[in-house]
Structures are given as C-alpha cells and as structure tokens.
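Worksheet for the structure shown next.
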C-alpha cells in the first residue's frame, strides 16, 4: 500500500480526520447498491487509504464488469449477491422470528431478504457489517423503509432523522472547525418540540464525537431570542429549553442556543449587532432547522449555489449506523459519507450491544 501522505492529498476538513480515525479502527461498510461505478470507485479509494473494508451488494458479474471497464481494482472488496449469500437462509429465519415482521406482514421472507436494502440492513443488525450506505440508485422511501423494518430503533429518540455534514475551503463562517452539521435535512416534515430537542441533542453528540471538543448547537428561527413572538419562534424556544435540560441532566459537552437567526448563529459581526455580549460567544457547529422544508432548501442552496461539499444523510435514531446518499451523489459524497458513518460505528460499538431483534 502507498504511504498515507501520498494518497491523502485530496482529503478535506471533514474527510481527513475521519480517515485518520479509521486507519486506527477500520470498519466494514456495506453498500446496498454496489452496481454503480461511483460506489466501486469510492470503495477502491477507501481500501487504498486502509480505512474501510467495503462490501458491495449486487451481481458479482455486473460489478466485476463495471470495475474492469473502468480500470478499478476490486482487491480487498467483498461482493455479495444476496440470494446466493451463505447467510441468506439464516437471515430469512431471523426475519421470520422478528415481532416487527409478523406484525407488519411484509410478504414473502425470501423475496424480502433478497432485496439489497433489506439484506444490508440485516447485516448491520446482526453484526455482519459495522455500517450501511445506500440510496444512490433508489428512491429514499424504499431505502428508509428497509432500515425501519430491519434495524431496531433507539428508545431515547422519538423518530429517526438525517444529519448532513458540510465543508468548503472557499466558504465563510462555516462552523468552528470548517465543518457544519445540518439537521434534519431528510425525514421529519414538521418536528414537534420533543423531536426538535432530540435532534439537537443527538446531532450535538454526533458532532462532539467527530470534532473531539465541546460543540455549539443553534436552534434556527426567523426570530432571535424573542424578537418575533410568533408561534413558530416560540416552538423553537421551547425545544431549546428542553434540549438544554437534557444536556444538563446528561452532563454533555454541548451548548444549545435558541431561538436564533442563521446570521446570528454563524456570523460574529451579525451576532455583535443583534446580541448583547455576543463577542464572547462561539459560532455554531450544528444548525437545527424548524422543519424539513427549511432544512432541505438550505442544504440544496449551499450545495448548488455556494458550492459546499456535502456528506450524508447520516441516519440517527437507529441501533445501527446507516447513511443515505441521493441518486445525484458524487463519488466524493459517497466516499465521505461512508467514512463518516464508519466513524460513527466506532461510537456505536462502544455504546450499544448487538442484541438480536
């Protein structure tokens, strides 16, 4: 293998520390849609960096043909065709024993387990892989459905939600470490106060794990600390109070502030104008949006107008690490998302057991 310094020149503020962690603690990441040259290239790059042991689901013949046609090495990349897998019958038996499966009557067990999203989710649920990445060739609903059916939820999170990580050397006011975490950009249309508070706390924990320091969470609104007394502003203020109480109770290295406007959260000059004593406050590392419309629109503008590099969604609220990428994801996005969810798997293995459903 080449020296790390020779292969890491194109890493950025997000991917460099992730890869450095993974070289010390490599993880197995399963890609549910392996018949995709973007995935194959990202997997080969992760192998070259000695960061991840990739598992690609799909037809072995088609994946080999794609790799050969594009001169990409499949060395140290495991390819599994679910219906032909050694664990296929075992997974079918385990699904039949799942209370969730019996309650929801999802159809033929064999047909279900043969679907790559379901097979990949089962690999994570039962310890055959450390983390999961999918969605690059599928509608989000079908991918999320497999996660919800096959991976146990975490009891302390009301609903699963998505976190996106952003970076870009050309961008201004991008968090305290040139990294910004946005939530929820993919799942909950209109989160309740309880859900917003959980999003703030869990995303704060994620950021703390990745950045290795105390992090600052901003609960975004059109209002800053009562400047507009609308129901929406009061909603975010209530969520802020609930999140702050959880942080204090659990002694977390997280600061939660809200409700505040985006410029106050990120721009020190704007904050000094609008907040008394703002010269002493740190910029936000995490932005929690009031609803899915605001979050998703902001993410797309930052990507397509400002040119931010995005990774994720990292799906939080499941008892196994999983991430979703869009059908338009670049090879770089798939690469960094896999690295991010693999690093999250390091934390999962420390905190959660792999008990069966």
Every residue from the stretch 61-75 that is assigned to a loop (DSSP other than H, G, I, E, B) and more than 20 Å from residue 119 (Cβ to Cβ): 70, 71, 72, 73, 75
Given (1) surrounded by fewer than 18 Cβ atoms within 10 Å (Cβ to Cβ); (2) at pLDDT below 95, index of the condition residue 234 fails: (2)
Conditions (1) part of a helix (DSSP H, G or I); (2) out of contact with any helix residue (DSSP H, G or I) (no Cβ under 6 Å at 6 or more places or on another chain); (3) modelled with pLDDT of 95 or more; number of the one not met by residue 334: (2)
The stretch 240-256, residues that are buried (at least 18 other Cβ atoms within 10 Å of the Cβ) and either free of Cβ contacts under 8 Å to residues at least 40 places away in the same chain or closer than 18 Å to residue 298 by Cβ (or both): 244
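Scan the helices (runs of 4 or more DSSP H) fully inside the stretch 76-173 and keep the ones with 1 or more residues being at pLDDT 90 or above. Working first, answer last.
Numbers: elements: 88-96, 99-104, 109-114, 116-125, 140-150.
Passing ranges, in order: 88-96, 109-114, 116-125, 140-150.
Inside the stretch 209-223, can you point out the residues that are assigned to a loop (DSSP other than H, G, I, E, B) and surrounded by fewer than 21 Cβ atoms within 10 Å (Cβ to Cβ)? If you could, list the steps in order and put the result at the bottom.
Within the stretch 209-223, the first condition is being assigned to a loop (DSSP other than H, G, I, E, B), and the residues that meet it are 212-214, 221-223.
Correct list: 212, 213, 214, 222, 223.
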All positions within the stretch 258-290 that are crowded, with 19+ Cβ neighbours inside 10 Å and touching a helix residue (DSSP H, G or I) at 6+ places or on another chain (Cβ under 7 Å): 258, 259, 264, 271, 284, 285, 286, 287, 288, 289, 290
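Which one of 121, 169, 131 is on the phi < 0 side of the Ramachandran plot and not assigned by TED's automatic domain parsing to the domain that holds residue 328?
Numbers: 121 fails: not assigned by TED's automatic domain parsing to the domain that holds residue 328; 131 fails: not assigned by TED's automatic domain parsing to the domain that holds residue 328.
Criteria check complete, one pass: 169.
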Scan of the stretch 178-208 for residues that are more than 23 Å from residue 121 (Cβ to Cβ), in contact (Cβ under 8 Å) with a residue 60 or more places away in the chain and surrounded by 18 or more Cβ atoms within 10 Å (Cβ to Cβ), ordered by number: 179, 180, 181, 182, 191, 196, 200, 204, 207
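The values are calculated or read from the model by the stated rules, or taken from the named source; none is laboratory data. Small disclaimer: the values here were computed from a predicted structure and weren't measured. All Cβ positions, glycine included, derive from the backbone under ideal geometry; neighbour counts span all protein chains shown.
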